[in-house]
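Notes to accompany the following structure.
The values are calculated or read from the model by the stated rules, or taken from the named source; none is laboratory data. Keep in mind it's a predicted model, so treat the numbers as computed, not measured. Cβ placement follows ideal geometry from the backbone for every residue including glycine, while neighbour counts extend to all protein chains displayed. With ligands, DNA and RNA removed, areas are computed over all heavy atoms of the protein, side chains included. Shrake-Rupley method; radii C 1.70, N 1.55, O 1.52, S 1.80 Å.
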Amino acid sequence: MTFNESNMRFQYDDENIYRIEDADIITKIEGCKACEFIALKDDKILVVEAKSSSPKPQSKEDFDQYIADITQKFSDTILLYGAIRMGRHGEISLNDIPKNVREVDVSHIDYCLYLIVHGHQLDWMQPIQDALKQSLRHLLRLWNIPERNVKAINEKSALDKGLIAEVL
């Protein structure tokens, strides 16, 4: 599967990616926000949100709202993925998840949360990453996800890590 998002091209095997943001279930749950996708890569579950910009940390109100929105997307995505896998949303929603992503043993695999912001310098990403880790602390503890697995990176780092196929 190949798709473009926030001036970046993503490419994953169809059986290893679930475009949860485009899933029918999202429109049925009022107030639910989702990341772009969940993917299996290198024995990890990646939860990825892509953005084309972010406010500066000095713009406190805008920055805080941005972090809150991203936090909700990560939280809702992980919770909804777990609920669908448990069958809480029926067989149709469960079967919408590609086989490999649906059948992975989530009890023995690391979750990695990636915010990829196109067009940012790498040194601009640290305050975003720090704020995300702080905002996600409760979720990380509940799901036993190490803080080091929360990453805010730019498109160049995403390309180097193989998270994106191309910068547009």
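Could you tell me how many degrees, from 0 to 90 and to the nearest 10, lie between the Cα long axis of helix 60-85 and the main elongation axis, the longest principal axis, of the Cα atoms of the chain?
Between helix and principal axis, roughly 20 degrees.
How far apart, in nanometres, would the label points at GLN126 and THR27 be if each is projected 7 angstrom from Cα along the Cα-to-Cβ direction?
With each label placed 7 Å out from Cα toward Cβ, I get 4.4 nm.
Give the carbon-plus-sulfur fraction of the accessible surface of the chain in %, rounded to a whole number; probe 1.4 Å, heavy atoms of protein chains only.
45
What list of ³J(HN,Hα) values in whole Hz, one per residue of the stretch 102-119 in order, does the Karplus curve 6.51 cos²θ - 1.76 cosθ + 1.60 (θ = phi - 60°) give from phi, with Gly and Pro shown as x?
6, 9, 4, 7, 5, 6, 10, 9, 7, 9, 10, 9, 10, 9, 10, 10, 5, x
Among ASN100, ILE70, ALA165, pick out the residue whose Cα is farthest towards the positive end of the charge dipole of the chain, where Lys and Arg carry +1 and Asp and Glu carry -1 on C-beta, about the Cα centre.
Farthest towards the positive end: ILE70.
What net charge is computed for the residues neighbouring SER135, neighbours being all others with C-beta under 11 Å from the C-beta of SER135, Lys and Arg scored +1, Asp and Glu -1?
My count for the surroundings of SER135 gives -1.
If each residue of separation counts as 0.36 nm, what is the full-extension length gain between LYS44 and GLN11 once their alpha-carbon separation is subtracted?
10.2 nm
If you roll a 1.4 Å probe over the heavy atoms of the protein chains, what accessible area per residue do you get for the stretch 75-168, in Å²?
About 54 Å² of surface per residue is accessible.
For the chain, what does -39500 (n - 2.57) per DSSP helix run (n ≥ 4), summed and divided by total residues, give at 222 nm, in deg cm²/dmol to the nearest 500?
-12000 deg cm²/dmol
Under a plain spin-label model, where a point goes 7 Å from the Cα along Cα-to-Cβ, how far apart in nm are MET1 and ALA68?
3.1
Got a number for the accessible area of ILE92? Probe 1.4 Å, square angstrom, nearest 10.
Counting only protein heavy atoms, the figure is 130 Å².
Given bins 10 angstrom wide, list per bin the percent of all Cα-Cα distances in the stretch 29-85, short to long.
22, 44, 27, 7
Magnitude of the Cβ-charge dipole of the chain, K/R +1 and D/E -1, about the Cα centre, nearest 20 debye?
Value, rounded to 20: 420 debye.
Round to the nearest 0.05 the FRET efficiency obtained for ASP160 and SER52 when R0 = 25 Å and r is the Cβ-Cβ distance.
0.85
Normalising by the residue count of the stretch 110-168, find the relative contact order in percent from Cα pairs under 8 Å and 6+ residues apart.
49
Rounded, prolate or oblate: pick one for the stretch 87-161, where a ≥ b ≥ c are the square roots of the eigenvalues of its C-alpha gyration tensor, a/c under 1.5 means rounded, and failing that, prolate if a/b is larger than b/c, else oblate.
It is prolate, given that a/c is not under 1.5 and a/b is the larger ratio.
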